[in-house]
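Engineer: For reference, the structure I am asking about is given below.
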Amino acid sequence: MIKILTVIGARPQFIKAAALSREFKKNAEISEIIVHTGQHFDANMSDIFFEQMDIPKPDYLLGIHGLNHGAMTGQMLEKIEEVLLIEKPDWVLVYGDTNSTLAGALSAKKLHIKVAHVEAGLRSFNMQMPEEINRILTDRISDILFCPTQTAIDNLKKEGFEHFDNRMILTGDVMQDAALFYTSKMQKPAFDVPEKYVLATIHRAENTDDLKRLSGILSAMRTIAETTSVVLPIHPRTSSIIKKNELDTGRILLIEPVGYLEMVYLLEHCQMVMTDSGGLQKEAFFFSKPCITLRDQTEWVELCDHNFNVLTGTDSSKIIDTFRHHRFAENFDLNLYGRGEACRNIVNQLSK
Ligand code: UDP
């Protein structure tokens, strides 16, 4: 029996873990223990994903949230280590680029437990981003690097990973697997969904913690919302900054964060996506929708290379101009992220 201990704590990790846990359940040789660090803890940022997507109940709930980066990562390290000493897993599995990812990988590595990193090799090349620091450090101490794209493999090779003691595997993207599986289960959200709308999200620290950037985005969305509905499921961090600074949101339709099944519905029916989220840029592509990315870099460069996605940064007129005039690619048939076999590839490798 192979014992895998999965560390998750934030919304995108719940979605990825849902897809992979389904695949683990099919393999009698694998048992999975789930540790939820508590980084996201609200009902609509955490519980709803476990309920809707049938993720196994966490075996350990660490309840760590609302702290600065150092304190949060430190407390996670301490508590995850305690769990690892009890459970003694064969593998610790971490996803993406959050503090939970880094703490999970580091606490395992120090105990000589093997680390598997899903979504390895992504780079924005912006070291101001906490996510970039987390992913670089996690990659370096991972024993197996599950890369979603060839770009991710190339990034690792450029950093010399071929000379390190690890395995790099091109798997495809687990979020593609999730999108394919959950599309048939999509749910209409409990508000009046406009007939034509832009689906928007804003949550990245570089945008929310910089009022100039946040104001640029909101100003563009307000203008667009005069003629086309803008549906914005609002992340708690963004919501509290908007309230605190009394920022004008005009006719933007602000809604509470929704579960993944509602999100899939909104993706399926929207006209365009406008976001600073990593996951949502890809989901726009999975659902054949153009995407405006409200950042200066993206880890998912292949979307821009093929004109499915345009990086506008946060300049209001650039966002509006791109929305009104840019001609995006229209044929979404390209295989950029696999065809839904990423989870199977990962399980095959872990069970070797
Ligand atoms: N998402 C969701 N409900 C929402 C907003 C986003 O289910 O109200 C999903 C979204 O579809 C994507 C994931 O959450 O799958 C992205 O998470 P987030 O934007 O928090 O993180 P990132 O992808 O930037 O790491």
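Engineer: How many residues are within 16 Å of the ligand (Cβ to nearest atom) and free of Cβ contacts under 8 Å to residues at least 24 places away in the same chain when one looks only at the range 1-50?
Structural biologist: 2
Engineer: If you don't mind, another one. Looking at (1) small (Gly, Ala, Ser); (2) open to solvent by 30 Å² or more (accessible area, probe 1.4 Å); (3) more than 30 Å from residue 19 (Cβ to Cβ), which is the only condition residue 190 fails?
Structural biologist: (3)
Engineer: For the range 144-165, which positions are assigned to a loop (DSSP other than H, G, I, E, B) and surrounded by fewer than 18 Cβ atoms within 10 Å (Cβ to Cβ)? Full working, then the answer.
Structural biologist: To start, the set of residues in the range 144-165 that are assigned to a loop (DSSP other than H, G, I, E, B) comprises 148-149, 159-160, 164-165.
Answer for the range 144-165, where residues must be assigned to a loop (DSSP other than H, G, I, E, B) and surrounded by fewer than 18 Cβ atoms within 10 Å (Cβ to Cβ): 159, 160, 164, 165.
Engineer: Given the conditions (1) open to solvent by less than 10 Å² (accessible area, probe 1.4 Å); (2) farther than 30 Å from residue 114 by Cα; (3) assigned to a loop (DSSP other than H, G, I, E, B), which single one is not true for residue 330?
Structural biologist: It fails just one condition, (1).
Engineer: Evaluate the following for residue 221: is it more than 20 Å from residue 252 (Cβ to Cβ) and surrounded by 15 or more Cβ atoms within 10 Å (Cβ to Cβ)? Step through it out loud before you land on a result.
Structural biologist: Values: more than 20 Å from residue 252 (Cβ to Cβ): no; surrounded by 15 or more Cβ atoms within 10 Å (Cβ to Cβ): yes.
It is false that residue 221 is more than 20 Å from residue 252 (Cβ to Cβ) and surrounded by 15 or more Cβ atoms within 10 Å (Cβ to Cβ).
Engineer: Quickly run through the range 42-71 and pick out the residues that are hydrophobic (A, V, I, L, M, F, W, C) and either closer than 17 Å to residue 17 by Cβ or open to solvent by 20 Å² or more (accessible area, probe 1.4 Å) (or both).
Structural biologist: In the first step, residues of the range 42-71 are kept if they are hydrophobic (A, V, I, L, M, F, W, C); the result is 43, 45, 48-50, 53, 55, 61-62, 64, 67, 71.
Scanning the range 42-71 gives 43, 45, 48, 49, 50, 53, 55, 61, 62, 67, 71.
Engineer: Moving on. Would you pick out the residues in the range 309-321 that are assigned to a helix (DSSP H, G or I) and either open to solvent by 70 Å² or more (accessible area, probe 1.4 Å) or closer than 26 Å to residue 176 by Cα (or both)? Explain how you work it out, then say what you get.
Structural biologist: As a first pass, look at the range 309-321 and keep what is assigned to a helix (DSSP H, G or I): 316-321.
Scanning the range 309-321 gives 317, 318, 321.
Engineer: Restricting to the range 124-141, name every residue that is loosely packed, with under 15 Cβ neighbours inside 10 Å and away from the ligand (no atom under 16 Å from the Cβ).
Structural biologist: Listed by number, the residues that qualify are 125, 127.
Engineer: Quick one: would you say residue 338 is over 27 Å from residue 181 (Cα atoms), assigned to a loop (DSSP other than H, G, I, E, B), open to solvent by less than 30 Å² (accessible area, probe 1.4 Å) and more than 10 Å from the ligand (Cβ to nearest atom)?
Structural biologist: On the way: over 27 Å from residue 181 (Cα atoms): no; assigned to a loop (DSSP other than H, G, I, E, B): yes; open to solvent by less than 30 Å² (accessible area, probe 1.4 Å): yes; more than 10 Å from the ligand (Cβ to nearest atom): yes.
Judged against the criteria, residue 338 is not a match.
Engineer: Here's something else I'd like to know. If only one of 139, 97 is part of a loop (DSSP other than H, G, I, E, B) and among the acidic types (Asp, Glu), which one is it? Before the answer, list the steps.
Structural biologist: Numbers: 139 fails: part of a loop (DSSP other than H, G, I, E, B).
Sole residue among the options that is part of a loop (DSSP other than H, G, I, E, B) and among the acidic types (Asp, Glu): 97.
Engineer: Also, quick follow-up: Can you give me the number of residues within the range 203-218 that are within 12 Å of the ligand (Cβ to nearest atom) and either open to solvent by 10 Å² or more (accessible area, probe 1.4 Å) or assigned to a loop (DSSP other than H, G, I, E, B) (or both)?
Structural biologist: Result for the range 203-218: 4.
The values are calculated or read from the model by the stated rules, or taken from the named source; none is laboratory data. All values reported here derive from a predicted model rather than from experimental measurement. No Cβ is skipped: glycine too gets one built from the backbone with ideal geometry, and neighbour counts run over all protein chains shown. Side chains are part of the model used for accessible areas, which takes the heavy atoms of the whole protein and leaves out ligands, DNA and RNA. Shrake-Rupley method; radii C 1.70, N 1.55, O 1.52, S 1.80 Å.
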